[in-house]
Amino acid sequence: MPSQICNVNSKVTTLINQELDRQRRGIELIASENFTSQNVINAMGSCLTNKYAEGYPGKRYYGGCEVVDEIEQLAIDSLKKLFGAEYANVQPHSGAQANAAVFLACLSAGDTVLGFDLSHGGHLSHGSPVNYSGKIYNPVFYGVEEETGMIDMDKVEALANLHRPKLIICGASAYARDWDYQRFRKIADDLNALLLADIAHPAGLIATSLLNDPIPHCHIVTSTTHKTLRGPRGGIIMMGKDFPNPWGRRTRKGKEIMMSSILNSGVFPGMQGGPLEHVIAAKAVAFGEALDPSFISYGKNVIANAKAMAEAFVSKGYNIISGGTDNHLMLIDLRNKNKTGKEIEKALIEADITVNKNMVPFDDKSPFVTSGIRVGTAAITTRGFEPQDCVKVVDWIDQIVMNPEDDNMLKSLKSEVNEFMTQFPLY
Ligand SMILES: *Cc1c(COP(=O)(O)O)cnc(C)c1O
């Protein structure tokens, strides 16, 4: 190999090994992260990355797609089975791309969309002014109540009636409570609006029936595949039931067009070019894993660990938004400890504990500073943590929150954390 190539390749290999070491030795509490199986990684790192396959199985714009057709169909069929959905698209490159494809398929520029406020735990792709969704469409938001940290559905209904959105979104990135999809659907139906559930975070807990199921109630469901679903980085779109498009669009021959074709066109050619068949293969592997009964125990452990952690934080006087959690994550308001998200994120990293700073509802600090941290248990549960391990982690976090500048303490905690993690082998 020419020396330049060799040189960069060996640097990348060294860096990948450094990252592997970081993942092995630390406590990963970022709520949106997880550790995939080696089989998922193998599928992603396969020769499938070489294949162009614009189009869908059986209807491609390139030759030689016989094998990837089977792979993509397997991913679609496994996903449909996992969620009991009639329709699935496995091509979105990410969760944000899945949402963008749905917006493109269902809305026109300037249409009103009602979503969950980013500063209360919503997602960029639900209408944030810095995202395409907030630039092209007209977003309005509902949030949580300051006293309870929970969504008041009567207020959602009043906002919907006031703004008459074409699309209503339920789902969030930092909301620890379950969703009343049925009530959202009633609100949407009264306005002839479409209802989208973005289950990027809790997807794995929904697939295992541990949380409310959006599939029977929402017209469209999007998700990522890499959070609690524990697959490769990517997105998906599903419908519980296909239905004729509500705008009366017809084919040239006068046939009614189903939503499934409108959504498929939204993804390709609307939003994306060639699908990532290596990632789709890895999605199929992950869906197969999630269909195994062992994934239900995983989901139960994720929730048990999150509850144990939330209780431990509350008993140490921490203010958890909404007072606890139904799912895999919680949002901790550090204001009563006189700390910011930024300083605690940084101090925790010194001890190899990874979280992300996060705005809390009604935050008075900027998104770069924030008053909170978000903590999740999907990744540590994959490592094998049990509730008593989570309580220990809360003890460590509390020591750091109390003295974030004590470098000696941080150093000794880091060794303790690294030693502790050797019990939970990764890859
Ligand atoms: C993580 C997340 C996404 C986006 O996923 P990416 O793969 O990072 O694009 C979309 N919606 C919600 C609610 C999320 O939490």
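To the nearest 0.05, what FRET efficiency results for D364 and E386 with a Förster distance of 30 Å applied to their C-beta separation?
So, using R0 = 30 Å, E works out to roughly 0.20.
Tell me, what % of the accessible area of the stretch 41-290 is carbon and sulfur with a 1.4 angstrom probe?
52 percent
Modelling each spin label as a point 7 Å along the Cα-to-Cβ direction, I'd like the W247/I349 distance in nm, to one decimal.
4.4 nm
Under a crude label model (7 Å from the Cα following the beta-carbon direction), how far is T49 from K80 in nanometres?
According to this spin-label approximation, the distance is 3.1 nm.
Expressed as a whole number of Å, what is the distance separating the alpha-carbon centroids of the stretch 226-277 and the stretch 137-177?
25 Å
Give me the percent relative contact order of the chain, please, defined on Cα pairs under 8 angstrom at least 6 residues apart. It would help to have the intermediate numbers written out before the result.
Values: 855 pairs, mean separation 96.0, N = 427.
This gives 22 percent for the chain.
In whole Å, what are the Cα extents of the stretch 122-179 along the three principal axes, biggest one first?
32, 25, 18
In debye to the nearest 20, how big a dipole does the chain give about its Cα centre with +1 on each Lys and Arg Cβ and -1 on each Asp and Glu Cβ?
1160 debye
Where in the stretch 205-222 does the amide nitrogen come within less than 15 Å of the point 7 Å from the Cα of S297, taken along Cα to Cβ?
none
Can you give the helix-only mean residue ellipticity at 222 nm for the chain, where every DSSP H stretch with n ≥ 4 adds -39500 (n - 2.57) and the sum goes over all residues, rounded to the nearest 500 deg cm²/dmol?
-13500 deg cm²/dmol
Under the Kirkwood approximation for Rh and a Cα-based Rg, what ratio Rg/Rh is obtained for the stretch 1-157? Each step should come with its number before you reach the end.
Details: Rg = 21.2 Å, Rh = 20.1 Å.
So for the stretch 1-157, dividing Rg by the Kirkwood Rh gives 1.05.
What whole-number value in cubic angstrom gives the convex hull volume per residue for the C-alpha atoms of the stretch 301-420?
90 Å³
Taking K155 as the anchor, which lysines have their alpha carbon closer than 18 Å to its alpha carbon, excluding any fewer than eight residues away along the same chain?
The qualifying lysines are K166, K186.
Work out the charge dipole of the stretch 136-256 with +1 on the Cβ of Lys and Arg and -1 on the Cβ of Asp and Glu about the Cα centre, then indicate which of T148, L229, Q182 is farthest towards its positive end.
L229
Would you look at the GNM of the chain, springs on alpha carbons closer than 10 Å, and say which of G63, G149, G270 moves the most?
Fluctuation is largest for G63.
Would you be so kind as to identify all helices of the chain, as entire DSSP H runs, whose Cα atoms reach 24 Å or more along the helix's own axis and whose mean Kyte-Doolittle hydropathy is at least 0.5?
294-315
Solvent-accessible area per residue for the chain at a 1.4 Å probe radius, Å²?
Roughly 44 Å² per residue, with all protein chains present.
Grab the Cα-Cα distance for I30 and N17, subtract it from 0.36 nm times how many residues apart they are, and report the gain in nm with one decimal.
2.6 nm
At q = 0.08, 0.13, 0.14 Å⁻¹, work out log10 I(q)/I(0) for the stretch 41-290 with the Debye formula, treating every Cα as an identical point scatterer and leaving solvent out; two decimals please.
-0.29, -0.78, -0.90
Using all alpha carbons of the chain, what is the percent of pairwise distances in each 10 Å bin, ordered from the shortest bin to the longest?
P(r) for the chain, in whole percents per bin: 5, 21, 30, 26, 14, 4, 1, 0.
The values are calculated or read from the model by the stated rules, or taken from the named source; none is laboratory data. None of these values were measured; they are calculated from a predicted model. Heads up, the Cβs are rebuilt from the backbone with ideal geometry, glycines too, and the neighbour counts pull from every protein chain shown. The protein model used for the area step is the full one, side chains on, heavy atoms only, and it has no ligands, DNA or RNA in it. Shrake-Rupley method; radii C 1.70, N 1.55, O 1.52, S 1.80 Å.
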